[in-house]
């Protein structure tokens, strides 16, 4: 069990899964609806954790610089890229736990993000308070057509089309690995197909976590296994 001096980690709810499944949207809805504190992994990973990565490079005597886009997106296969991402998640999760230890919310924290892996939460003893959200293949294609951050590749590389294909395949592999891990550990997977509103999906997640607006955020209902819906 991780060091948890204030009990913040042990009472947290966790949402992991694939890109563009609506994790952040659902977390915001639940935070406002139930008075939870939402922790957004992607923001921390791209800001506070980014600075910690640079500091780590300096301590190791390496140049403190961003990865070369050409090297990052075009020099390796999607499988190699996915393996690197998964390896980095382990280090990031230690920083996530540091972030959560610093919070003293009145109600539980809801931590969401693709780097919050099922096996990490399972090792903390938090599997009963976790859900994995993934888009169906069809909804993922829809998101790629409608979300600018999904369909657009912003890094300056010599072959942006190939870089985008590598990125998408990398993300697909990371998502598939997350689902396989969740199923192996008995953590429920919510497949989002885009047919229902975000509020409807939030209802499903709230029921999974047993959230009650008149309670202190404690679990009230039993866990489902695999659920399918959309937003």
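The values are calculated or read from the model by the stated rules, or taken from the named source; none is laboratory data. The structure displayed is predicted, hence computed values, not measured ones. Note that each Cβ is placed from the backbone with ideal geometry, even for glycine, and that neighbours are counted across all protein chains shown.
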Any chance residue 2 is in contact (Cβ under 8 Å) with a residue 40 or more places away in the chain, within 25 Å of residue 106 (Cβ to Cβ) and outside any helix (DSSP H, G or I): yes
Region 99-118, subset part of a helix (DSSP H, G or I) and either at positive phi or in contact with a helix residue (DSSP H, G or I) (Cβ under 9 Å, 6 or more places away or on another chain) (or both), residue surrounded by the most Cβ atoms within 10 Å (Cβ to Cβ): 118
Sole exception among (1) under 19 Å from the mean Cα position of the chain (by Cα); (2) closer than 29 Å to residue 145 by Cα; (3) in contact (Cβ under 8 Å) with a residue 24 or more places away in the chain for residue 43, by number: (3)
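Out of 86, 144, report the one residue that is closer than 23 Å to residue 188 by Cα and part of a helix (DSSP H, G or I). Don't jump to the end; show me each part of the working.
Numbers: 144 fails: closer than 23 Å to residue 188 by Cα.
Every option except 86 fails the conditions.
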Selection from region 10-19 of residues that are at pLDDT below 95 and either more than 10 Å from the chain's Cα centre (by Cα) or over 21 Å from residue 188 (Cα atoms) (or both): 10, 11
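Just to check your reading of the model, which residue among 73, 14 is closer than 28 Å to residue 162 by Cβ and crowded, with 21+ Cβ neighbours inside 10 Å?
Working: 14 fails: closer than 28 Å to residue 162 by Cβ.
It is 73.
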Residue among 31, 38, 21 that is in contact with a strand residue (DSSP E or B) (Cβ under 7 Å, 6 or more places away or on another chain), in contact (Cβ under 8 Å) with a residue 12 or more places away in the chain and assigned to a helix (DSSP H, G or I): 31
Count of region 51-61 residues which are out of contact with any helix residue (DSSP H, G or I) (no Cβ under 9 Å at 6 or more places or on another chain) and either part of a helix (DSSP H, G or I) or buried (at least 17 other Cβ atoms within 10 Å of the Cβ) (or both): 6
